[in-house]
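Below is one structure, written out as structure tokens, with a few remarks after it.
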Amino acid sequence: MYIWVLQGIVAPSLFSIIICLGVGGNSLVIYVIVSRERMRTVTNILLLNLAVADLFFLLFVPSFTAYQFATARWPFGNPSSVITARFKFNRFSLT
């Protein structure tokens with residue numbers, strides 16, 4: 001009973017909060033750097049690239065994970081889960 005509440009309600013809710021805050025914050029960073037001429041320094045261009053990468057990450061990874069927690073199944077079949085697991089391994093081995 002309690003595991004279903006955690007996996008079916010609490011985890012997707014937390015992922016939704018993380019997505020909303022992350023998308024809002026990264027969008028604000030992108031807007032400020034792109035709209036202000038004096039903010040286009042080398043350091044801020046690096047921050048812009050990081051914000052864009054984080055925005056794409058936030059749009060895809062937590063939403064699929066929240067869906068997987070809520071429904072207890074992977075919607076894209078076995079081949080995509082193998083590919084996803086391979087990318088996760090590469091990400092952790094490179095950092």
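The values are calculated or read from the model by the stated rules, or taken from the named source; none is laboratory data. A quick note: this is a predicted structure, and the numbers were derived from the prediction, not measured. Cβ atoms come from the backbone with ideal geometry, glycine included; neighbour counts cover every protein chain shown.
Here are the numbers for the structure shown:
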item	result
Subset tally (residues that are among the aliphatic types (A, V, I, L, M) and modelled with pLDDT under 90) for segment 40-59	2
Any pair with Cβ under 6 angstrom, 6 or more apart, that starts in segment 53-68 at a residue that is within 10 Å of residue 18 (Cβ to Cβ) and ends at one that is part of a helix (DSSP H, G or I)	58/19; 58/22; 58/23; 62/15; 62/18; 62/19; 66/12; 66/15
Filter result for the condition that a residue is part of a loop (DSSP other than H, G, I, E, B) and modelled with pLDDT under 85, over 62, 79, 75	75
Test: residue in segment 19-40 that is touching a helix residue (DSSP H, G or I) at 6+ places or on another chain (Cβ under 7 Å), under 26 Å from residue 72 (Cβ atoms) and small (Gly, Ala, Ser)	yes
Residue pairs meeting the criteria (Cβ under 7 Å; at least 6 apart or on separate chains; first farther than 12 Å from residue 62 by Cα, in segment 16-37; second surrounded by 11 or more Cβ atoms within 10 Å (Cβ to Cβ) and acidic (Asp, Glu))	26/54
Qualifying residue in segment 30-39 (condition: charged (D, E, K, R), at pLDDT 80 or above and part of a helix (DSSP H, G or I))	yes
Subset of segment 28-54 (residues that are of a type in the set (Gly, Ala, Ser) and closer than 23 Å to residue 67 by Cα)	53
